[in-house]
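The values are calculated or read from the model by the stated rules, or taken from the named source; none is laboratory data. The structure displayed is predicted, hence computed values, not measured ones. A quick note on method: Cβ atoms are made from the backbone with ideal geometry, for glycine too, and the neighbour counts reach across all protein chains shown. These accessible areas exclude ligands, DNA and RNA; they are computed on the full protein's heavy atoms, side chains included. Shrake-Rupley method; radii C 1.70, N 1.55, O 1.52, S 1.80 Å.
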Amino acid sequence: MKIKLLSILMAIALALAFTSCDEKKSRSHDDSSKSEKVDKEDVEDEVEYEVKEIHPTGDINKDAEALTQNVIAFYKKINTQEDALNIQKEFTEIQKEFQEFYKKKGQDKDFNTAYFKMMQDPKYAKDIKEGQQKIMKFVSETLKSVDNK
């Protein structure tokens, strides 16, 4: 069970690492983002997120925002390692549905760009970062528990 948990958490952490790398790469190519600083005062009050059943609509920007909001809702549902295991499958399936939809339309690069841009939007960036840190904390705890056995 510990190995399975560790494998799943490592897969999530790896996906987050790639997301983080892609965000840094896109920022280095976008000079306008250098001047954008996220001030806590500029970000609107915390939004209540809930996991919704969403499907691609064909509107790249709306879909990117809906997916970003769902990712944050998933992050907020994770409070234990078991939570991470329980939502991992659903989380992966939703992202896969969007990726496959836009890949079939030949717009996967456009969708990924819009999705990563949405994740960097000051409106969502704080919640995304907190969620990624929470996942990494669980990965670290799992690694420590495996090392101690």
Inset, instruction - Of the listed pairs 89/137; 104/144; 52/144, which have alpha-carbon separations greater than 31 Å here? - result: 104/144; 52/144
Inset, instruction - Can you work out the PRE-style zone for residue 55? Point 7 Å along Cα to Cβ, and I want the residues of the stretch 91-112 with backbone N under 13 Å. - result: 97-98, 101
Legend entry - Distance (nanometres) between label positions extended 7 Å along Cα→Cβ at residue 126 and residue 92: 3.2 nm
Legend entry - Area of residue 51 that stays accessible when all protein chains are in place (1.4 Å probe, Å², to 10): 40 Å²
